[in-house]
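Encoded as structure tokens, the structure appears first; notes follow it.
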Amino acid sequence: MGAIPTQRETVSRAQGAPAHPSAHSIALPHIRATLNGSPLAPGAARELVRSALAEWAGLGLLGAKGAGEAGRTGQTGQTGQAGEAGEPGERLAEDTTLVVSELVTNAVVHAGTDVELACRLEEDPEHPGHPGGCRAVVVEVSDHHPSRAPRDGTAEPSYGTPEYGRGLRLVAALADAWGVTYRRGTKTVWARLLPTAPESHDADRPGRADQPCPGPEHDVPGQARHLGCFGPAGLTAHPDRPLDSGPGLLEALAPVPQQVGSRDRDWLNRGALSFLAEASDLLAGQLDEDLVAALTGQLLVPRLADWCAVWLEDEVSGRGEWAGGPGPRLARVWHGCESRVEELRRALEKDPPCPPDGGPRSGPESFPWPGAALGPHGTALAYRLIAGGRPLGTLVIGQAGLPAFADEVTGLVEDLGRRVALAIGAARQYARQATISAVLQRGLLPGAVAEIPGVRSALVYEPREQGGPSGDFYDLFPAGDGRWCFAVGDVQGKGPEAAVVIGLARPWLRLLAREGYGVADVLDRLNQLLLDDATEAADAAARAFVGPAGPGDGPQTRFLSLLYGELAPFEGGVRCTLASAGHPLPLLLGPDGSVATGGRPQTLLGVIEEATYTSDSLELRPGDSLLCVTDGVTERRSGLRQFDDEDGLAAALAGCVGLDAELIAERIRRLVHEFGDQPPEDDLALLVLQAE
């Protein structure tokens, strides 16, 4: 592509001042927006620019008449036609949207900061101040990582397939001028686009909005029907097949397959870029590899192929060691004719793809045509799905009745395959992290809740992040000598740091209880342990998991709120000794519906070194129920109100009189969820102990 153009200073015209002021100049519109540097930014930028350009076109500012019309008149001799079609403005809007998509994607991927987008109109320097004349569109995309230059497609190491480098080539091809402006703390990539006069063969290009699209009256025998087709102005839908009708929207994203000739290449390339941009947005949000495979099939069939199949490989299979592993798994088969899917699947399962010689590569390879299922004539190609140098699977496409796919179609599928591979890699990484979190979570909680003679127990435990480490924990275990202990706690913070503290605190509780320490003594020693070097070890372990500490970041105190108690059954009831360290106090429900508070509030654990703790005792008679909760219950919000405002939890518990432990726990859980319109924003844990 060559060197990146030199800088263009734009400060003086930041408010939309015309590039070439004259007596006829008028104020031209502009838009500005700041986008979060996430995978959603390119889609948001496209929508923003599309809306602005549509509004400006409606005001006649994109120049359906003027220079663009003159260019068309000189070629076609039909002056009126250009003004009616307004094709220069439509083409300009399409080119601008593609350029914005590429520039924002480049900034998100390679800068990793928030992205600032600006789009404005400028007077055409050849027709300055012409009222209603053709105008240029200037787009600017800024990020805050100026030391990292935009990718220019230079050669990459030969050990991998480049997954970038084409964006700025596209910008250079579509823009009249472009470049990079560096300022302190900001890098801006800009592009200036002018209306282009259509070529003389535009009227014959496939995909024109004024040409008939395949529909009920234009069906081609032996081919699947299509929702619509791409033209210079975008997708044109059939009147009887709206675009928002179910899964057809995915099919509508791809350009209609055509026999590609020299006149069609420009149109196909433009349709392909739009297709890839929208497909990237769809695939990026999927966190399940099987769903990625399913979306791939819907994107490709029937637009670019009659059928497709996706094989997925595990780590062993991906290295080509299929003799010792399970081999590739046929995750998805998709055919334009649904009745042929199962037959095609059976044929493909008998002949899975083999890894190519010479290492992984993503380019198309010939694949045996499944003639037993689809007949004798057709062509099929296989694409290895590679991300980060690791093979993840194989994508196969097939078309009946063709000796070979057009080069443009194979290149488009290859580009889509790279995006599919990245989406599969991201889904697998998410699955690995979810598995690690689930295993860690299970290790932080008891494998089973102890059964206590004469006591029924019920538990509700709902982490806010399903499968991830929670800050809440519980335990119910035998301590020996006819004693059972229970604990409901909440660690400061969430995630791995909280998990490390729970992983230390729960075993300490069990050890101290089984050594014969009383309730108050257990809290005294646990408070010292949380203030000890063990907390530094927990902090170091958490930081090693999350990331290195910054300058001046030392060990941080991990405080803990805890309700801890000891149960000792006796003839006619259960004696309960408990203490609350900064935790919501338990509530005792009597058989007559009365509700009383148990214990007294005391200091959080891990805050004050000299703190001492005391315990309180109560008796659970038959029919009494003790409710222990975390602050995810008491502080559940609905607007400015909390669930426990005006003794809301006590009132809810009073309504549970006569219910057994399981029904009490379920009713409180349901009332907490129904209290707010949105799902709970905190972890939720509650324990019910009921004397039989």
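The values are calculated or read from the model by the stated rules, or taken from the named source; none is laboratory data. The shown structure was predicted, so the numbers you read here are calculated from the model rather than taken from an experiment. Cβ atoms come from the backbone with ideal geometry, glycine included; neighbour counts cover every protein chain shown.
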Here the residues within segment 408-431 that are modelled with pLDDT of 85 or more and more than 15 Å from the chain's Cα centre (by Cα) are V409, T410, G411, L412, V413, E414, D415, L416, G417, R418, A421
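Could you grab me the full set of residues in segment 480-495 that are over 21 Å from L618 (Cα atoms) and buried (at least 18 other Cβ atoms within 10 Å of the Cβ)? Explain how you work it out, then say what you get.
Initial filter on segment 480-495 (over 21 Å from L618 (Cα atoms)): 490-495.
Across segment 480-495, the qualifying residues are D490, V491, K494.
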- Query: If you check E342 against the conditions, is it part of a helix (DSSP H, G or I) and closer than 21 Å to A272 by Cα?
  - Reply: no
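Quick one: which strands (runs of 3 or more DSSP E) lie wholly within segment 616-692 and hold at least 2 residues that are of a type outside the set (A, V, I, L, M, F, W, C)?
On the way: elements: 616-620, 625-629, 684-691.
So the answer is 616-620.
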Selection from segment 621-633 of residues over 16 Å from Y564 (Cα atoms) and either of a type in the set (A, V, I, L, M, F, W, C) or without any contact (Cβ under 8 Å) to a residue 40 or more places away in the chain (or both) yields V633
Of the residues in segment 664-674, those that are surrounded by 18 or more Cβ atoms within 10 Å (Cβ to Cβ) and within 29 Å of the chain's Cα centre (by Cα) come to V672
Selection over segment 388-407 where residues are under 15 Å from G363 (Cβ atoms) and buried (at least 16 other Cβ atoms within 10 Å of the Cβ) yields a count of 6
Cβ pairs under 8 Å, 6+ apart or interchain, first in segment 582-600 and closer than 17 Å to F486 by Cβ and in the same structural domain as A487 (by TED's automatic domain parsing), second in a loop (DSSP other than H, G, I, E, B) and basic (K, R), ordered by first then second residue, are L585/R600
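To keep it simple, each residue is scored yes or no on (1) at pLDDT 95 or above; (2) over 22 Å from H583 (Cβ atoms); (3) surrounded by fewer than 16 Cβ atoms within 10 Å (Cβ to Cβ).
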{"residue": "T634", "(1), (2), (3)": "no, no, no"}
{"residue": "R637", "(1), (2), (3)": "no, no, yes"}
{"residue": "D647", "(1), (2), (3)": "no, no, yes"}
{"residue": "G658", "(1), (2), (3)": "no, yes, yes"}
{"residue": "E662", "(1), (2), (3)": "no, yes, yes"}
{"residue": "D677", "(1), (2), (3)": "no, yes, yes"}
Exception for D539 within (1) modelled with pLDDT under 85; (2) of a type in the set (D, E, K, R); (3) within 21 Å of A654 (Cα to Cα) falls at (3)
Across (1) outside any helix (DSSP H, G or I); (2) of a type outside the set (G, A, S); (3) crowded, with 20+ Cβ neighbours inside 10 Å, L412 clears everything bar (1)
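Test of understanding: among A107, A93, A175, A82, which residue is modelled with pLDDT under 70, closer than 27 Å to P29 by Cα, surrounded by 22 or more Cβ atoms within 10 Å (Cβ to Cβ) and of a type in the set (G, A, S)?
Of the residues listed, the single one that is modelled with pLDDT under 70, closer than 27 Å to P29 by Cα, surrounded by 22 or more Cβ atoms within 10 Å (Cβ to Cβ) and of a type in the set (G, A, S) is A82.
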If we ask which residues in segment 506-522 are closer than 25 Å to L440 by Cβ, surrounded by fewer than 17 Cβ atoms within 10 Å (Cβ to Cβ) and without any contact (Cβ under 8 Å) to a residue 24 or more places away in the chain, their number turns out to be 3
